[in-house]
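A.B. asks: Please find one structure pasted underneath; my questions will follow.
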Amino acid sequence: MIQHSKKLVGLDILRALACLAVWVSHVRVVTDYFKDDKYNFLQTFMAWGREAVVIFFILSGIVINLASKNRTDRGQYFKKRFLRIYPIFFTMLVICYSADYFIFHHALNIHDIVGNIFLQGMWPAYIVPTIPFDLAAWSIACEAFFYVVFGLFYNSNRLKVVWIWFGLSIVSIIFHLVHEYGTGVLYQFAILMNNSFLWLLGYLVYEYRDRLYATAQTAACGLLMIPLITRLNSLPGSYRQACYYIAGLYLVPLFVFVLKKYSTPASAENQIKIKHIYILPVYLINLWLLSQYSNSLLVSKLLYAGVPFISLALYIGFVKNMLKWICSKLKQLLLFFADISYPLYLVHMPTMVLVYHYLPGQKLIGMMLIIVIAITVSYLFEVYLFRKLTAIVNHTSASKQPVEETII
């Protein structure tokens, strides 16, 4: 396992939890192991994949800002991004198309293959669909877009460019609210611009971290408020999509709190303090929206409405100490998953598809195999398709890869 900066541990833990949330959310989507009605209650606890991707995008923006402070040249920047994304992605592309052809006997579509080779596979199919069995790969096309655009202005006034880009992303989101796009290049570009909002939000949170202040309580409250907005599943499609960008704003206190160790606090009068009292009006509005525009189960609505109040428990010293103790016990396990989060993100869905294909009626054995195979393959990919390959290209030790270069 690579050496983790103590300052980055909080970000790594968030990355691990987000990766695990994506994996768990796809179990019912990909397999029928838990499709019975008696398992419907699991959706309350399992269906958090899109919210986890929001965390990934914000994390990515934070870490690119952090890493770009090293002032490597543009060539180095693109080389590092390519090595982080492409070898593992291309390997999964070959595996998935091979399985689709040889196991499921589907004809190969050269147009789709070429589109995915150039990281254009999106969901739903805007230009080309994602690689077979790996719907999660749509977000990799977004990440590639973020990195390329940022890289084009790498030697410019980055902050100015980021603010202009951020403004354009907001305009794109607003335009999308009133114009439903179809498939094609325009729609794909609009989605990429819309999702840029989250990546740029992360970049700006890191940039202005010294001027912001959030407590553990407000950080937890913002995180626990997210279901009130992302579960408005009765809204029209474009409005429902916009909910995830609003959810990104709810996460700002969490990231500000986690970044405290990277901050040099400004004087009190120059800091913006995020307090519970500011969240109350938003909570009441969201509560009304949940009652009007959600088709979730009543018990789920009640749960979503109640969980933000759990954050108040963090004012109790015993609760805070207990959570710190739990985190200390799980820390090494979570850091392991943080290390393999990118390959696991791409590996878990194809693994579930193939295991379920051969063992459709073996729920226990199937899930155990999925866990073992996905983790093992992801670890091997991380070691041999990223760290050792990067070490060979850079002529450095694989064990000394900077942690910031391993966060997508």
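The values are calculated or read from the model by the stated rules, or taken from the named source; none is laboratory data. Remember, it's a predicted structure, so these values are computed and weren't measured experimentally. Note that we place each Cβ from the backbone using ideal geometry, even for glycine, and neighbour counts take in every protein chain shown. Heavy atoms of the whole protein, side chains included, go into the accessibility calculation; ligands, DNA and RNA do not. Shrake-Rupley method; radii C 1.70, N 1.55, O 1.52, S 1.80 Å.
A.B. asks: Check off (1) modelled with pLDDT of 95 or more; (2) under 20 Å from Thr91 (Cβ atoms); (3) open to solvent by 70 Å² or more (accessible area, probe 1.4 Å) for Ile371 and give me the number that stays unchecked.
C.D. replies: Of (1) modelled with pLDDT of 95 or more; (2) under 20 Å from Thr91 (Cβ atoms); (3) open to solvent by 70 Å² or more (accessible area, probe 1.4 Å), only one is false for Ile371: (2).
A.B. asks: Being surrounded by 19 or more Cβ atoms within 10 Å (Cβ to Cβ) and of a type in the set (A, V, I, L, M, F, W, C) is the filter here, so list the residues in region 136-170 that pass it.
C.D. replies: Of everything in region 136-170, those that are surrounded by 19 or more Cβ atoms within 10 Å (Cβ to Cβ) and of a type in the set (A, V, I, L, M, F, W, C) turn out to be Ala136, Ala137, Trp138, Ile140, Ala141, Cys142, Ala144, Phe145, Phe146, Phe150, Val162, Trp165.
A.B. asks: Anything in region 286-309 that is open to solvent by 100 Å² or more (accessible area, probe 1.4 Å), modelled with pLDDT of 90 or more and hydrophobic (A, V, I, L, M, F, W, C)? List them, or say none.
C.D. replies: Within region 286-309, Trp288, Leu302, Phe309 qualify.
A.B. asks: Quick check on my filter: what residues within region 191-245 are under 25 Å from Leu298 (Cβ atoms) and of a type in the set (Lys, Arg)?
C.D. replies: Once the filter is applied, which keeps residues that are under 25 Å from Leu298 (Cβ atoms) and of a type in the set (Lys, Arg), region 191-245 yields Arg231, Arg240.
A.B. asks: Within region 109-120, take every residue that is open to solvent by 80 Å² or more (accessible area, probe 1.4 Å) and of a type outside the set (Val, Ile, Thr) and give me the one that is farthest from Val148 (Cα to Cα).
C.D. replies: Within region 109-120, the match that is farthest from Val148 (Cα to Cα) is His111.
Table: residues versus (1) buried (at least 16 other Cβ atoms within 10 Å of the Cβ); (2) in contact (Cβ under 8 Å) with a residue 24 or more places away in the chain; (3) of a type outside the set (A, V, I, L, M, F, W, C).
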| residue | (1), (2), (3) |
| --- | --- |
| Gly237 | no, yes, yes |
| Val252 | yes, yes, no |
| Val256 | yes, yes, no |
| Leu330 | no, no, no |
| Ser341 | yes, yes, yes |
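A.B. asks: Here is a check on your reading of the model: is Ala219 within 28 Å of Tyr304 (Cα to Cα) and open to solvent by less than 10 Å² (accessible area, probe 1.4 Å)?
C.D. replies: yes
A.B. asks: Right, here's the next one. Residue by residue through region 306-332, note down the ones that are under 29 Å from Leu290 (Cβ atoms) and aromatic (Phe, Trp, Tyr).
C.D. replies: Across region 306-332, the qualifying residues are Phe309, Tyr315.
A.B. asks: Report, ordered by the first and then the second residue, all pairs with beta carbons closer than 8 Å, sequence separation of six or more or different chains, a first member in region 353-371 that is free of Cβ contacts under 8 Å to residues at least 60 places away in the same chain, and a second member that is open to solvent by 80 Å² or more (accessible area, probe 1.4 Å) and not basic (Lys, Arg).
C.D. replies: That search, which allows pairs on different chains as well, returns Leu359/Ile365.
A.B. asks: Residues in region 302-328 that are of a type outside the set (Phe, Trp, Tyr) and in contact (Cβ under 8 Å) with a residue 12 or more places away in the chain: how many?
C.D. replies: Selection size over region 302-328: 10.
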